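Colleague: Before we start, here is the structure in question, set down as structure tokens.
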Amino acid sequence: MRKSFYLAALAAIAMTSCSQDEVINDAPALDNNSAITFRTILDKSPITRDNTTTGANISKFKVVCYDWNNEHYFGPVDVTKKDGSWTTDRVYNWKKKDKTLRFFAAHGTSNQYFREPTGNDTGVTGNKYPFLKDAEIHDGPHYMDATGKYTQFNGTGATNTKDHPMHDICAAFYEGKEGDGDVALNFKHLLSKVEIQAKNDKHNNGRTVQVLGARIKGLYKYGTWVYNVADTPSDTQNKVCEGTWHHTHTSETNFGTGDAWIRWHENAVSTTLDATYKSVLPQAESFMLFPTVESDQGTGTTAYDKTAAPNGTYLSVICRVTMTDADNNTKYIVGSADKYGLAMIPVSFKLEQGKKYIFKLDFTNGSGQVDPTTPIDPDIELPDGGEGGEEHEGGPINFTVEVEEWIDGGNNDMGM
């Protein structure tokens with residue numbers, strides 16, 4: 001075996017080929033042991049969008065290694081892309097040829113949350129291994145411009161200058177010995193992906209629906225993800241990455257519920273619905289959200305109800321809905337001539353890790369309810385139909401939900 005530290009260029013993540021694997025360090029191995037080599041794949045390869053993990057936007061991942069006695073060996077080690085190559089600080093070797101090592105990895109935007117536990121974290125993690133601490137789904141409108149880049153609305157009518165997409169989070173685990181070959185880091189998506197589509201069958205009969213984006217209100221804002229691994233390493237090679245989300249945060253007494261938005265930039269041209277389902281989000285973007293906690297997987301979250309559950313969960317579409325009569329008179333049902341409104345649909349969410357949910361909304365006969373939360377967006381008018389929960393017009397927005405495994409691309413194991 002060559003005594004050098006390789007890292008395959010994130011294979012399916014980076015969409016590279018074997019010929020593009022880069023030599024990170026050609027230093028000799030220490031103590032006559034062979035160097036640890038890696039190959040990495042993404043189990044469910046996503047489409048190439050800014051808020052999903054692709055070769056175009058990943059720049060770093062971390063690895064932590066524990067030995068067969070559950071003692072820390074090295075890490076967290078940054079593996080960073082520089083000038084098209086992946087680099088790390090030094091060579092790391094298998095300590096003993098016939099002894100198991102355990103590797104914990106996280107990549108992309110999750111790096112800032114990846115850490116090893118301290119004494120204060122015992123109750124959170126339940127074990128001694130690395131975990132993702134206080135990951136965050138960022139609040140407020142995320143504006144997408146015509147180039148597909150994001151900025152985040154700051155509440156005053158301006159936007160931050162730093163690109164700020166909603167983030168994908170992935171992790172991997174591997175347990176094996178030197179004789180098993182390369183460390184196969186099979187990254188898994190840890191979040192749930194939500195797409196929102198809508199249609200209007202009466203687009204040729206005087207009913208016009210223009211959409212600019214959407215918000216999802218009331219789901220968790222923070223989460224801590226813990227690897228589910230046995231306390232005693234085995235002699236069997238293991239590439240399975242499993243874990244559990246705990247919705248806690250050190251600064252939140254009630255764990256913190258979020259208000260996630262994705263919309264076109266200010267003064268953008270909206271999408272006009274017709275009889276074919278279209279995305280209400282810019283460039284068919286998706287929400288990245290925490291899965292529903294295990295205790296809610298059976299029943300789901302509590303959907304908003306203005307009398308029974310004023311703090312429940314819901315989905316709102318940023319839209320303008322109008323009706324034009326035979327005399328060409330226009331009635332504004334949602335929004336106004338120069339503003340958009342929010343069409344709210346109470347939803348009980350049941351989201352599983354690594355799955356994609358497609359919400360299909362039908363605006364043909366209804367425009368939903370008045371959103372109960374005062375918007376902070378300059379393009380959206382304040383509601384005048386009540387305090388929230390009242391119907392904009394006679395019928396509700398009917399919707400269905402399709403659930404798929406999050407597989408938007410190939411699963412190509414392109415390691416060394």
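Colleague: Going by C-beta contacts inside 10 Å, put Cys319, Cys65 in order with the fewest on the left. Present the calculation step by step, with values, prior to reporting the outcome.
Modeller: On the way: Cys319 29, Cys65 21.
So the residues, fewest neighbours to most, are Cys65, Cys319.
Colleague: Would you mind ranking Glu390, Glu71 by Cβ crowding within 10 Å, fewest neighbours first?
Modeller: On the way: Glu390 13, Glu71 8.
The most exposed by this proxy come first: Glu71, Glu390.
Colleague: Just to verify a number: FRET efficiency for Tyr277 and Lys97, C-beta to C-beta distance, R0 = 51 Å, to 0.05?
Modeller: On the way: r = 57 Å, r/R0 = 1.11.
The computed FRET efficiency comes out at 0.35.
Colleague: Of the options Ile358, Gln369, Met344, report the single residue whose Cα projects farthest towards the positive end of the charge dipole of region 336-381 (beta-carbon charges: Lys, Arg +1; Asp, Glu -1).
Modeller: About the Cα centre, the residue reaching furthest to the positive side is Ile358.
Colleague: What ranking of Ser348, Ser234 emerges when the number of other C-beta atoms within 10 Å of each C-beta is taken as an exposure proxy, fewest first? Walk me through the numbers before you get to the answer.
Modeller: Numbers: Ser348 16, Ser234 11.
Taking fewest neighbouring Cβ atoms as first place, the list is Ser234, Ser348.
Colleague: For Asp145 and Ala284, what is the calculated FRET efficiency with R₀ set at 22 Å and r taken between the beta-carbons, to the nearest 0.05?
Modeller: Values: r = 15 Å, r/R0 = 0.70.
After rounding, the FRET efficiency stands at 0.90.
Colleague: Take peptides 237-246, 172-181 and line them up by average Cβ neighbours within 10 Å, highest first, as a rough protection proxy.
Modeller: Numbers: 237-246: 16.3, 172-181: 19.6.
Per-residue Cβ counts within 10 Å, averaged per peptide and sorted highest first, yield 172-181, 237-246.
Colleague: Enumerate the amide H contacts of His167 below 5 Å, restricted to partners 5 or more residues apart or on another chain; note that Pro and chain-start residues carry no placed amide H.
Modeller: Those qualifying (amide H under 5 Å, at least 5 residues apart or on another chain) are His138.
Read-outs throughout are calculated quantities, based only on the coordinates presented, and are distinct from any laboratory measurement. Owing to the predicted nature of the structure, the values given are computational and were not obtained by experimental measurement. For neighbour counting, all protein chains shown are included, and Cβ atoms are generated from backbone atoms with ideal geometry for every residue, glycine included.
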